[in-house]
Structures are given as structure tokens and as C-alpha cells.
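A short worksheet on the structure shown next.
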Amino acid sequence: MLRKAVGLLLLGTGVIACPCHLPLTLPLLVGLLGGTALGSLLTSNPLIIGLGALAYFVFAIAMGVKLLGSGGGERAAQSQEMDCCSAAPLSAESQQRQEVEDVVHK
């Protein structure tokens, strides 16, 4: 449950920090933080902010997918084990072939 919540949080913040959204989010942040030291830092270093956003985007998306996808792999492996061990019903042709092989072996 916690793993899913953290994965969703990382995916959500990763999408917001995506560099393609930076032309929208950077002016919004500068406007909200105008007159502060952080606002002047954002205004004077857009390249560094863009590279940081790109790094966080890649990290957050990768970790979010890993956290959300990790439980599914275990379940898929368990269901695959159950499927390979269960006896599937044979088709009519396969049943006839099996009967012929049984008669030949006797």
C-alpha cells in the first residue's frame, strides 16, 4: 500500500517536473516566489533548473514505474507457476492421439 502511494507520488511529481512543462511551470514558480531569494535563483539560472528538472524527471519516472510494477511481476510469476502445473483439457484430436499411444504402449 505504501509502495503504491510512493510510486504514484513519484510519477505525479515526475510529470510535473518534466522539462517539456518547464516553459509553463518556471514562470509560474518565478511569479509565486517573486521578491524572494529562491525566485531570483530561478530567474538567474534557468539552464541549471532545467537540467535539475530533467534529472528529477528521469529518476522519478523510473522509480515510480519500478515501485508500481514490482508487485505485478511476483503475481505474474505465481500465476504462471499455477498455470503450468494445472492440467489443461485436451482437444478431441489430442485425446484420440493419447488413446492410440496408450494402446501402442500396452
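Key figures for this structure:
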read-out	value
Residue tally, condition part of a helix (DSSP H, G or I), among the small types (Gly, Ala, Ser) and either closer than 13 Å to GLY50 by Cβ or in contact with a strand residue (DSSP E or B) (Cβ under 8 Å, 6 or more places away or on another chain) (or both), over region 16-39	0
Residue tally, condition of a type outside the set (A, V, I, L, M) and surrounded by 15 or more Cβ atoms within 10 Å (Cβ to Cβ), over region 14-35	4
Test: residue in region 68-75 that is surrounded by 10 or more Cβ atoms within 10 Å (Cβ to Cβ) and at pLDDT 90 or above	yes
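The values are calculated or read from the model by the stated rules, or taken from the named source; none is laboratory data. Since this is a predicted model, take the numbers as computed values, not measurements. Note that we place each Cβ from the backbone using ideal geometry, even for glycine, and neighbour counts take in every protein chain shown.
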